[in-house]
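One structure is given here, and the rest of the page talks about it.
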Amino acid sequence: MTRTEGTVRRFRPERIEGWQRFGDHAIRLGPVVEAHEGGPLSAYFARFAQGERAPLPAPYSEVWVVLRGAVSIHGQGATFTAGPGELLHVPEHSPGEVWAEQDTEMACVSVPAH
């Protein structure tokens with residue numbers, strides 16, 4: 001897909017085809033805006049099964065909006081938990097781990113695109 005200047009698009013998790021598995025985890029990623037489109041960011045939906053954990057250090061900054069469920073971020077001597085309607089900012093190279101307190105679905109935006 002090429003970049004569509006000035007075109008507004010709407011995405012719903014239930015309409016995503018081809019959810020991708022994240023390693024051996026019970027985590028699924030549903031990309032909706034990807035780097036190959038030529039834009040400055042990526043966007044995707046993420047689904048975590050309750051109890052799933054994943055390392056945080058990523059070479060990009062992210063914003064996560066919890067749509068349902070709850071996740072905790074453990075790192076730098078603190079724990080932050082977010083539930084539906086809450087937003088988490090995860091700066092690039094943040095040490096720690098994300099943990100799904102419940103079955104969780106999030107909308108995620110990454111900068112730069114990857």
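Are there any pairs with C-beta distances below 6 angstrom linking a residue in the stretch 88-107 that is at pLDDT below 95 and buried (at least 19 other Cβ atoms within 10 Å of the Cβ) to a residue that is part of a loop (DSSP other than H, G, I, E, B) and among the β-branched types (V, I, T), with the two at least 6 apart or on different chains, and if so which?
Pairs that qualify, where the first residue is at pLDDT below 95 and buried (at least 19 other Cβ atoms within 10 Å of the Cβ) and the partner is part of a loop (DSSP other than H, G, I, E, B) and among the β-branched types (V, I, T): there are none.
Looking for something among the charged types (D, E, K, R) and in contact with a helix residue (DSSP H, G or I) (Cβ under 6 Å, 6 or more places away or on another chain) - is there at least one such residue anywhere in the stretch 15-35?
no
Which residue pairs have Cβ atoms under 7 Å apart, sit 6 or more places apart or on different chains, and have a first residue in the stretch 28-57 that is in contact (Cβ under 8 Å) with a residue 24 or more places away in the chain and a second that is aromatic (F, W, Y) and in a strand (DSSP E or B)?
R53/W99
Yes or no: Y44 touching a His at 6+ places or on another chain (Cβ under 7 Å) and within 30 Å of G6 (Cβ to Cβ)?
no
Looking at the stretch 27-60 only, could you name the residues that are surrounded by fewer than 18 Cβ atoms within 10 Å (Cβ to Cβ), of a type in the set (G, A, S) and at pLDDT 95 or above?
A49, G51
Give the residue that is nearest to R68 (Cα to Cα), with candidates limited to residues of the stretch 9-23 that are among the basic types (K, R) and part of a loop (DSSP other than H, G, I, E, B).
Selected residue: R12.
Which condition number in (1) touching a residue at least 12 places away in the same chain (Cβ under 8 Å); (2) exposed (fewer than 15 other Cβ atoms within 10 Å of the Cβ); (3) within 22 Å of V111 (Cβ to Cβ) is the one that G6 fails?
G6 satisfies every listed condition except (1).
Might you check whether a residue that is on the phi < 0 side of the Ramachandran plot and either out of contact with any strand residue (DSSP E or B) (no Cβ under 8 Å at 6 or more places or on another chain) or exposed (fewer than 13 other Cβ atoms within 10 Å of the Cβ) (or both) occurs anywhere in the stretch 64-71?
Within the stretch 64-71, none of the residues are on the phi < 0 side of the Ramachandran plot and either out of contact with any strand residue (DSSP E or B) (no Cβ under 8 Å at 6 or more places or on another chain) or exposed (fewer than 13 other Cβ atoms within 10 Å of the Cβ) (or both).
The values are calculated or read from the model by the stated rules, or taken from the named source; none is laboratory data. On a predicted model such as this, the values are computed, not experimentally measured, just so you know. FYI the Cβ positions are ideal-geometry reconstructions off the backbone, even for glycines, and counts take in every protein chain you see.
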